[in-house]
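In what follows, a single structure is set out as structure tokens and then discussed.
Laboratory data are not the source of any read-out in this text; all were calculated from the coordinates shown. Owing to the predicted nature of the structure, the values given are computational and were not obtained by experimental measurement.
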Amino acid sequence: MDVTALNIDLGVVLFMKSFLVGVVILMCAGCGGTNVEIDTKTLPAATVGTAYYQILISNNGENPYTWSISDGGLPNGLTLSAKGEILGTPTTAGTSTFTVEVSDSSNPVTTCKQTLTIQVSLATLAAGQSITLTTSGETILVPSGTIIRTTGGSTVTVNGDQNAINTSVGSIVSAPTSATGPADNTVIVK
């Protein structure tokens, strides 16, 4: 019996010389397979005291997906939901490197891991802006000339550069338009 095989993208069709045999074997040619994969490779930076929301993206595998942290940790104030949402308000500046893992619902379950980084910077108060500090541990960078009004009614003016000034919850920090220089003085809520 003379058999010829013809390969095409979606399968293999077998022909016999005297008549067509209706056998079609479908296979995935050139795709990434059926295992779950993570598309998210990088995350945007965050700012202390500013709400953050990012959703992690996966493909392949079988929905629903379940997300978790398998190594390291998110920045303080952020959490990862089982649906792949990173959300919250960062409380500390710095760099956090962590590994996320996604599992699909196939049988057997397939998983994939990806290492990600989030850089969290301090909030910066520019000339002409004001803010009320509402949380213990909150930190903000301010330029020289900034005025801090504490809850007790006293006033502190920031002079110079690279100072660390402690204040209390409820303090109002104002950087008048005349505030000068880089925002490199740190106001810390105790």
- In order through region 122-128: 3J(HN,Hα) via Karplus (6.51 cos²θ - 1.76 cosθ + 1.60), integer Hz, x for Gly, Pro: 5, 5, 10, 9, 8, 3, x
- Classify region 37-121: rounded, prolate or oblate, from the alpha-carbon gyration tensor (a ≥ b ≥ c, eigenvalue square roots; a/c under 1.5 rounded; otherwise prolate if a/b is larger than b/c)? prolate
- Considering amide H positions built from the backbone, and no H for Pro or chain starts, which residues 5 or more places from residue 137, or on another chain, come under 5 Å of its amide H? 189, 190
